[in-house]
Amino acid sequence: DRDRDRDRDRDGHGRSLAGVPTRHLANEGVTVVLNTFKRPDMMRRAVEHYTQCEVVDAMRVVWTEGGTPPSTSDWDIGLVDTKRSPRLRFDTQPDSLNSRFRPMDDLYTHAIFAVDDDIQVSCEDLQFAFEAWTNAERTLVGFYPRLHTLRDPEAGSDGGYEYHSWWYVFWRGEYSMVLTKAAIMHRDYMKLYTVQMPQTIRDYVDQHMNCEDVAMQFLVANISARPPIFVRGAVGDLGALGGISTRSGHMGSRTDCLNDIHRLFVAGGGGDGGLGSHGIGEMPLVSSHVVVGRAGSWFSNQPVTWFEYLASDLPIPIWFQVILILCGLAAVGRLSYECCCGSLVPGRGAPMGGARKHLKT
């Protein structure tokens, strides 16, 4: 029974992960795979930013514009302090959103950070996300959570699922997808997406020029039987105001995409290579309530009780810590009262004019 449970834990269905290794070198770092199209300024800004990150081993630009990629001779590439320059390469691919997931030669890391040219994740948060991924390398780790829910037939819908963005995730406290415009994945998923996932899904992505991120989430969830991981971090979205997510009807299109890809995925049996399909009609996406944040962040790492602040490993006795806390609370209380209600000391806080008048008398 123990051996069977161990084997089942390999992919959630008792099968091996089609070449996805269970161990990796923690010091490999990540390869940034940049998706860009006819935005040379953003592309250069992204390349110069990510090549400054110590966790980045190499950077690959998915070039789908045709012609010759630009010269980078005058770009600021590489870490200034160590003079280390990550390997930079342009990969010429067909003009398709599917191209961002095409397998690449000469990859030296197992971790792939798929990112759009208008998304800028800080080097510190990229390092943190990579650390989170090393503990769950069979799933997606990203910064943009999304959620699917069942439609309510009584509300006049025709059933199926509905796609939700951030506010619904925030309100419900759960998510089932992370967008691949800023997500870390195992490199083997690129081959599985391109070779073994049903061709009808890739054709759908080309036809609608959208939804490749949903397709990848379906693939990963179907193989791993695990939810993605949402990492809280500082992300700059330089194209937020002009992106397709701000266009009218975007959420309806994403809902249609969610249902269409679900239908195509289960109809194709999860792919020609036996990608761990959940069965006809089953939804492979798995929801999660877990949010990963830094242990040193005040906002994401609060103690379960205030008594935790009375740490025995501080260089002062606990009784003295209690006195300091009480004095601090008393000072804050007094300051708040005086700001709102006047002085606590009789005779203080008298108007200055009245004091001058008394002296003249």
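The values are calculated or read from the model by the stated rules, or taken from the named source; none is laboratory data. It should be emphasised that the depicted structure is a prediction, and the values quoted were computed from it without experimental measurement. Glycine gets a Cβ as well: all are built from the backbone with ideal geometry, and neighbour counts include every protein chain shown. Quick note on the areas: whole protein, heavy atoms, side chains included, nothing else; ligands and nucleic acids left out. Shrake-Rupley method; radii C 1.70, N 1.55, O 1.52, S 1.80 Å.
Listing for the model above:
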item	result
Test: residue 114 is of a type in the set (Gly, Ala, Ser) and at pLDDT 95 or above	yes
Single unsatisfied condition, residue 345 versus (1) open to solvent by less than 60 Å² (accessible area, probe 1.4 Å); (2) modelled with pLDDT of 60 or more; (3) β-branched (Val, Ile, Thr); (4) not in a helix (DSSP H, G or I)	(2)
Residues of segment 104-156 satisfying the condition of being small (Gly, Ala, Ser) and over 13 Å from the mean Cα position of the chain (by Cα)	111, 136, 155, 156
Which numbered condition residue 237 misses (of (1) closer than 20 Å to residue 113 by Cβ; (2) modelled with pLDDT of 95 or more)	(2)
Subset of segment 135-176 (residues that are at pLDDT 85 or above, among the hydroxyl-bearing types (Ser, Thr, Tyr) and open to solvent by 30 Å² or more (accessible area, probe 1.4 Å))	144, 161, 165, 168
